[in-house]
Structure formats: C-alpha cells, structure tokens
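See below for the structure under consideration.
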Amino acid sequence: MSSETSYQKSEILESHYDGDDAVGENWMHGFYPDSYKTVSEWADEYRILSSKSASEAGKWRTSRTPYLKEIMDCLSPHNPVQKVIFMKGAQIGGTECGNNWIGYVIHHAPGPMLAVSPTVEMAKRNSRQRIDPLIEDCPALKQLVCPARSRDRGNTMLSKDFPGGVLVLTGANSAVGLRSMPARYLFMDEVDGYPRDLEGEGDPILLAERRTATFQKRKKIFLVSTPTIKGLSNIEREFEHSDKRYFMLPCPFCGEYQALKWEQIRTEPEVMYECEHCHELIPEYHKTQMLENGKWVATAESDGLTVGFHLSSLYSPVGWLSWKECVGIYKRAQEDTTLMQGFQNTILGETYEEETDAPEWQRIYEIREDYPIGTIPMGGLFLTAGVDIQKDRIECEIVAWGRQKQSWSVDYQVLMGDTAKPEVWRKLEDVLMKDYPHASGITLPIRVMCVDSGYATQDVYTFVRQFTQASWGGNGARANAPRTVVAIKGQSRDIAMILSTSKADTKKKGLKVWNISGPVIKTEFYRWLKMERIGDDASQFGRCHFPQYSEEYFKQITSEHQVVRITKGYPKPVWEKDPTRRNEALDCRVYARVGAAIYGLDRFSENMWVELEAQIPVAQVQEKQEFKRKKLKLQQYQTMRVDDPWL
C-alpha cells in the first residue's frame, strides 16, 4: 500500500468517528504508514542533548559525528535492514545514536520497544540519566509521554507508555525482563557486559531477539558495545556475521580513502597520522574535513538484512578524544600491561587476545632472587597468607606486598597431618601468630590469612571463628589492624576478584564467607609473571619476586592454563590443570592475593602507603648499606694491582 493510498483511507475512516473518541483516534492512528523521515533527520530537528549525559549539551548535530548518519538511517522503518551491529571504541556516540532511535520511535514510528542494559541497575541509571532527559528536553516527546510524577502509571523508571507503543527498559541479568513482552524494536547496549548464560536459559541476546519474532520483516534490532576478550566477545561474534563496514576517510593531500589504523599513528615531531598511500603526515585538525567526506565501505558479503559497523576512537571528533591522548593511554599501557586490554577495547574498538598459556616455569626459576626464605625484603610493607586444605596436610604461602602491587614470596610451608584432627590446625595457628623478620630489622605480622573452605568446610569454619575480623574502611585496614582470618570459596565466574560475601550459618552474627573469582586472579597473576623484567627496576608494576625455592614450587604455580570450551552451545573460558603437576602452590598464591585485596591493596591512598612505610626504619638500613658499600670499595682499591693501566 502506498503512503498516498493509506492517507486517503485514513481520511475516510476519520469521517466515521467523533474527534472526542480517544479509542477511535488511536485505532485510526494505526492505519498511518511509518514516517519516511530518517532517524538522523529527526535527531537534527528535534533532539536536545542534556548536560546530564553529554559533554556538549544543546541541539544535536549529526554533522558533528558524520559516521553515525548511516548507522541511524539503517534503523529507519523504511530501510530494509533488520539488524544493525556497532562495534566501537569509547567517545564515539554509540549510545546516543540508540537514544536518538528511541526518540524517533516514540514520535514517528510507535510500537513496542525493548531497551536492554547489562544489568537492571544499569537500566535504572540509564532511565534517570539519559531517557528521562531525552523526553523532558524534547517538547515533541514530552507531550507524548506522561510526566513521571503524574497519577498515570504509564511513566515509571523502567516503562514509558506513549500513543501506539511502550518503551520497556530491563537488564540482561533478568530472564523475566527479557521474556516480558513482544517487541518490534530491540536496542541492546554494551552487549559484552551481558552474562553468557542467563539463569540456565542460554544467551540473553538470543533470548531477547526471540521477542521480535512475531514482527518478521518489520522488526529492527540494534546492538552496540565496546568489545572485550577475543573468542568470548558478544559484539565480535555478531560483527563477524555482518557485512563488516569500515569508515573510509580521504587523505587531505592525495585524496585516497583509508580506514584509520593505529599502526599509522606517528609521534615525531608531533602526534600525526601517516597516510598509507602518499605517506604524508596528517595533522589532527584535518580530521573534521576528513570525517565530513568519509564513507562506509562493506568488506564482506551478508544477507542484506544484517549490517555491521566498526569504529575506533581514532575517529573521535576534534575536541573529544585526541590522537595525542590516545598515544598517552598507549604509553601507560606499555608500562603497565594490565592496562593494555583497556586500550585495545576502548580505544581501538578491538577484542583483546589474552595470553592464556602458563608461563614457562624454567624462566621464572632462573630469575630467583637471593633474599633469605622467611625474611621480608625492603619493598615489602605488609603480609598476607593463602591456605589450601588437603586431607593429609595444610599448605600455606606467606606473601609480602608493596607499592605498585609488587609481591615477594616470603615462605611456603607444608604442614603435615590429618586435617580432621586438631594438631595440624594448631600448626597453622603458629604460622599465623608468628612475626616475620623484615630486612630493616623489625618484624611484621600476617595481616590477613585466607583459608579455602572447599574441603573440610566445618573444620575451616571452626578455625576461622577463633579470630576477629577487622573492620575495613574506605582505604582498607590500618597499619595496626589485628590479625584477621577469613574463609573463602572459589567460583568460576570472572566478573570481579571478590564476588560477594555470604553467611556460613544462620546465626545472627554468622561467619562470613568471601566468594572469590579464581579466573580473574589467575589471569592477573600469569600476566605479571609473563612481564618482561626491566633490570633491577624496583618500581616495575606487578613484579613478582621469589627466593631460592625448589623447582617443584615453580612447576605448581604454572600448572594451569585457560582454554575456551563450548558449554550449552556458547563459548566459555575454563581453567584446566596440567594432569602431570600439582597446583596447591598456585591456589595458595591466589588466596594470598585475595587477602591483599581485603586488606586494601587495590584502593590504598597515598596516605596509607606513607603510614605503612613509616613503620620501616629505612634511614638506618640505608646507612648500613652505604657503610658496607664504602667498605667494599676500599677493599677493592687496596687489592688492585699497582700496574693496573686504569690507575
């Protein structure tokens, strides 16, 4: 049916209804065709950016971000595309692109719409910071959506009614929310933050997409995200099944088109971009003109219904994120390899390929250091301990921690004895209550001991209950905090290092069990072990120091590796142990790292580091070291040959 015929039919229908008949008006509205205005045209005419969510508040201008025009226009109802994938870096405007689409749907193409955030809490935050200002600041939308404070329940935090449709906001962690309604329009934001398996029902992306099935050719699906890990990234998976479009920019000197690549960034004499065709250096002020004349080019074949767009932060408009700032982020990532994934994901908009193989134990064994076992070197400022429980023994590692998250293994003990009997637990208590000698001449206690409760659970709880847990503040424990013992339980989820705490029993003041993520900590530990050692640089971030342990210890701490397995049809990272090695030493190191996190290592302020360093008599140690150095130099001078040509 043509739009002209449709309007004629609607005029005939209008003559049969009184204008005061609201039901009749809404019914007749359904006969009007969807607007032929594009999403980008609507945004330029109606969209007002709020200072709550935008760095440049005011009227929306697609000309500021020309690369978004084609993406938005693919979401227009008259465009045949049904699914749009946008894999991007930061500071690009992807979420605002989706918000423009929401405004367009409410105003010009009403229908049921589902907007999905990674969690319900994030959906609520998005409603407050983005959707409410979108409606409030746009008069055309404000008159279509009831005020949030009205008695009409059509406008709540997670649901916005409008004539002919409804906008429902939910989280990918809510199976009920994803099953709540059929949807003609589906907007999924930051899909790499979605759980891989939602409450045993599978991939939340596919679960949400099923909501659009009844709309067939009229449906529109928009997925946006910065990518994460290669092989596990949801947005990468979707992009690979699209036509893979890249934004090509013309060189201001030779006119040849090219996609911006990190390899072409040059830092001398200043940060500029080298054209891959004529090799001229392009200053960043040319980028505005280059963006205006850019074009999307597909690099793969698809079914014509699914399109994919990739954009790095190198395309960020002048005044947002500069090439110089990108170079600064890259340099910091080179110094601290834990930041490299963030650079790869948020700046380049690419997945990060983790080095999941275990480091070679021989290489770590060869760089052992000469400090005595059982003694804390000068850099160590506080101690934690990780404890693994076996049937016939308890294994424990004491680790010292210092600035830049450096660590020193102080001692590793194997306490033999039946863990069902109290004798071996008394040995563990002796380890806990001992003060360990520091290179400065003082002694330090173990601040936090983490005991795995996966085996002999009740015996672990009995041991832990003997000790009072410290009260942890915003900057972690204080330097004079008491010895603390906590029960921990490892889980395979890789959301955060410390996942949650739970009660071990139903008592009013029941024992607290810390649920931890082994995969997160092992990934961090192996990344640190693989770092290239920069001489004797004491400030190298994450550097791990070891005394003269035997080969067995180093075989155990490198006994696992990460592989990707298909579980319920979806990729899932799994840590697997080398069947020829034991892994108790690795587990103990993981638990000691949890102790450091509980004590406050990851959130220490400078004042806390100064407070910890104040307990170390550094000046006296430096005087002794200087005296020894001068004495050694004198001895070397006295033993030199008289005919030495360098005298």
Please give the peptides 79-88, 450-459 ranked by average Cβ packing (other Cβ atoms within 10 Å per residue), highest first, as a rough proxy for protection. 79-88, 450-459
Region 352-425 and region 48-108 have their Cα centres apart by a whole-number Å value of 51 Å
Within-14-Å neighbourhood charge of residue 590 [Cβ basis; K, R +1; D, E -1]: -3
Taking the highest mean first, how do the peptides 113-121, 511-519 order by number of other beta carbon atoms within 10 angstrom per residue? 113-121, 511-519
Of the listed pairs 391/503; 88/295; 220/244; 230/331; 230/522; 59/142, those with alpha carbons more than 20 Å apart are 391/503; 230/331
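Which of 438, 286 has the fewest other C-beta atoms within 10 Å, and how do the rest follow up to the most? Intermediate values should be presented prior to the final figure.
Values: 438 22, 286 17.
Fewest-to-most ranking of 438, 286: 286, 438.
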With a 32 Å threshold on alpha-carbon distance, the violating pairs from 421/577; 261/530; 261/577; 124/572; 489/530 are 261/577
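Counting other Cβ atoms within 10 Å of each Cβ, which GluC sites (Glu not before Pro) in region 289-335 have at most 13 and sit in a DSSP loop?
Answer by residue number: 301.
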If we sort 590-603, 366-379 on the protection proxy, mean other Cβ atoms within 10 Å, highest first, what's the order? 590-603, 366-379
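Rule-based calculations on the coordinates, nothing more; no lab input. Being a predicted model, the structure only gives us computed values, none of them experimental. Cβ atoms come from the backbone with ideal geometry, glycine included; neighbour counts cover every protein chain shown.
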